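The values are calculated or read from the model by the stated rules, or taken from the named source; none is laboratory data. Only a predicted model underlies this, so the values are computations on that prediction, with no experimental measurement involved. Reconstructed Cβ throughout: ideal geometry from the backbone, glycine too, with neighbour counts over all protein chains shown. Calculation scope for accessible area: heavy atoms of the full protein, side chains included, ligands and nucleic acids excluded. Shrake-Rupley method; radii C 1.70, N 1.55, O 1.52, S 1.80 Å.
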Amino acid sequence: MTIRPTRRTILGTGSAVALLAGCSKYGDSNNSSSQSTSGTPSGTASATASGGAAAGPELAKTSDIPVGGGTIFKDEKVVVTQPEQGEFKAFSAVCTHQGCTVSTVSDGTINCPCHGSKFRITDASVAAGPAPRPLPAEKITVEGNSIRLA
């Protein structure tokens, strides 16, 4: 004898899966200060010793990222900033308001052209809305003069 699931069972299971998937996407609401497993703060560059894990293709040379500013890599949807000399950070270039790609980095902020959101180059926190959240951090590695996506 085969027991067939009822419509109610299927709908209840689907709702539970959707709820868990939705919750896991956002996790801790304070994820902007999360640490990676290597102990490097999210969004900051980490130097890798020779023989370390292979990084992705080169994004830029360190000299290409202005101190106190940043550079947007539209194809990779990443913005790399250098808040202080030798300190490199990377964030998503997709605005948390409505998904537009940020267009400029100036006066200490990463700027979205769609509705005027601005994010600080130091930590991608919201400097001016309507964006509801900071830009998510991206991982990069800096080896010598080369900046790569991790």
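Restricted to the stretch 128-150, and to residues that are free of Cβ contacts under 8 Å to residues at least 60 places away in the same chain and either hydroxyl-bearing (Ser, Thr, Tyr) or surrounded by 18 or more Cβ atoms within 10 Å (Cβ to Cβ) (or both), which residue is nearest to Asp64 (Cα to Cα)?
For the stretch 128-150, the residue satisfying everything is Leu135.
Residue-by-condition table, conditions (1) within 21 Å of Ile140 (Cα to Cα); (2) at pLDDT below 95; (3) open to solvent by less than 60 Å² (accessible area, probe 1.4 Å); (4) aromatic (Phe, Trp, Tyr):
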residue: Gly69; (1), (2), (3), (4): yes, no, yes, no
residue: Val80; (1), (2), (3), (4): yes, no, yes, no
residue: Gln85; (1), (2), (3), (4): yes, no, no, no
residue: Lys89; (1), (2), (3), (4): yes, no, yes, no
residue: Val94; (1), (2), (3), (4): yes, no, yes, no
residue: Val102; (1), (2), (3), (4): yes, no, yes, no
residue: Ile110; (1), (2), (3), (4): yes, no, yes, no
residue: Pro113; (1), (2), (3), (4): no, yes, no, no
residue: Arg120; (1), (2), (3), (4): yes, no, no, no
